[in-house]
1. Please give the residues of the range 303-338, grouped as numeric ranges, whose backbone N is less than 13 Å from a label point set 7 Å along the Cα-to-Cβ vector of LYS214.
2. Check each of the chymotrypsin sites (Phe, Trp or Tyr not before Pro) in the range 20-78 and keep only those in coil by DSSP with at most 16 other C-beta atoms within 10 angstrom; list them in order.
3. Are there trypsin sites (Lys or Arg not before Pro) in the range 88-149 that DSSP puts in a loop and that have at most 14 other Cβ atoms within 10 Å, and which ones?
4. Assuming R0 = 22 Å, can you tell me the calculated FRET efficiency for the pair ILE135 and LYS188, based on Cβ-Cβ distance, to the nearest 0.05?
5. Roughly speaking, what is the stretch gain from THR124 to THR95, that is 0.36 nm per residue apart minus the C-alpha to C-alpha distance, in nm to one decimal?
6. Which ³J(HN,Hα) values, rounded to whole Hz and listed in residue order, are derived for the range 112-117 from phi using the Karplus coefficients 6.51, -1.76 and 1.60 in 6.51 cos²θ - 1.76 cosθ + 1.60 with θ = phi - 60°, glycine and proline given as x?
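Since every read-out is calculated from the coordinates, none of them should be taken as a lab result. Fair warning: this is a prediction, and the values are worked out from it, not measured in the lab. Don't worry about glycine lacking a Cβ; one is built from the backbone with ideal geometry, like all the others, and counts go over all protein chains shown.
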Amino acid sequence: MDLKYEHVSIIGLGYYNRARNLHKCAQLIINEYNGEFPNDLDILINRLPGVGRYTAGAVSSIAFSQPNPILDGNVIRVLSRMRCIGSDLKKKSTTDLLWSLATDLVCPERPGDFNQSLMELGATVCTPQKPKCTICPVQNQCLAYLKQTQKTLIDIEECSSNCIFCLKSENIESNRSLVENYPRKKTKIKQREEISFILIIYRLNLKLEFLMIKQKQSGLLSGLWSFLEINSSNDLDQMNEHKRKNFIIEQIQNMTIFNKTINIENIKLAGQCRHLFSHIDKQYIIYFAHCDQNEILISTSQMQWFNEEQLQTSAISTAMKKVFNSALPQIKLKTSNGEKNGTLYNYFKKKIDN
């Protein structure tokens with residue numbers, strides 16, 4: 001698969017690294033393993049991009065009938081309730097315990113069927129809310145269910161005070177059943193708020209064309225095409241419009257892609273838009289500026305001009321498409337007015353010349 005088309009096909013999924021790793025993994029299997037998926041657990045974990053312990057366990061047990069455990073969200077929930085594990089899931093000691101339990105439980109004769117059944121149990125019966133405990137096939141082995149039906153909440157708090165894996169009283173939510181309190185609810189991390197300034201540089205070359213820069217191969221939106229983006233600071237947020245434009249010009253001039261200084265009067269405010277990433281609440285303040293053909297020097301493959309049709313089919317993130325769609329009406333209005341003024345000027349010039 002061509003890398004360009006790989007990028008296009010994953011736009012909007014949000015998991016860009018996973019898709020890239022999947023592509024790399026497929027290439028590695030074809031080139032180094034003659035197109036056959038390796039069945040060695042160590043190779044799966046250490047050689048294949050994007051394959052971790054869970055994926056390796058699932059593949060080796062289901063595809064190759066090897067007695068290796070799996071540990072996904074559903075399995076974690078089942079095991080946490082069966083053994084009343086209420087400690088922080090982010091702690092290594094907790095994950096080590098869960099992996100140990102999963103390893104002890106896996107059926108050596110039918111590991112694939114067992115692992116799939118365990119996942120299915122968590123997905124359909126031992127659900128996060130309103131678990132179907134009364135029809136659960138392992139209810140007699142489930143400590144959380146037994147404690148919920150046989151003991152009071154106070155007794156549980158008292159007996160778990162010295163246990164490093166038990167659910168502490170401060171982590172118990174009274175509006176949920178005891179079973180539903182397992183596993184311990186993850187603390188939601190608030191999305192950090194960021195402001196970025198976008199400068200959309202365009203030119204008229206038969207069609208409207210827009211300058212795009214390819215992002216580095218690491219970090220947010222790595223490897224995708226983007227408009228000129230300048231991360232904001234608190235001071236910049238407080239600047240008036242004139243100072244903001246000056247700051248933007250200073251930043252882009254440092255990129256050494258312009259043959260001459262952009263006139264500050266040429267930079268116009270297009271508007272704002274917001275995009276939510278998994279961990280970032282991003283506010284984009286969008287500006288646009290027209291440049292003539294000779295104003296920009298493109299000396300690298302990391303910069304290209306895209307017309308509107310190419311923007312819709314190239315490796316551009318959903319966030320940048322949102323930015324573009326927010327600014328496009330203003331850009332077209334500006335261009336349309338410019339064309340009208342140019343037509344009128346040429347008309348009257350011909351009249352005067354004649």
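1. Inside the label zone: 303-305, 315-316.
2. Working: sites: TYR33, TYR54, PHE64; in loops: TYR33, PHE64.
Counting only loop positions with at most 16 other Cβ atoms within 10 Å, the chymotrypsin sites (Phe, Trp or Tyr not before Pro) in the range 20-78 are TYR33, PHE64.
3. Numbers: sites: LYS90, LYS91, LYS92, LYS132, LYS147; in loops: LYS90, LYS91, LYS132.
Loop-located and lightly packed - LYS90, LYS91, LYS132.
4. On the way: r = 31 Å, r/R0 = 1.41.
My answer for the efficiency is 0.10.
5. Details: separation 29, 0.36 × 29 = 10.44 nm, distance 2.30 nm.
Result for the pair: 8.1 nm of gain on full extension.
6. Karplus-based 3J(HN,Hα) across the range 112-117 equals x, 4, 5, 5, 5, 5 Hz.
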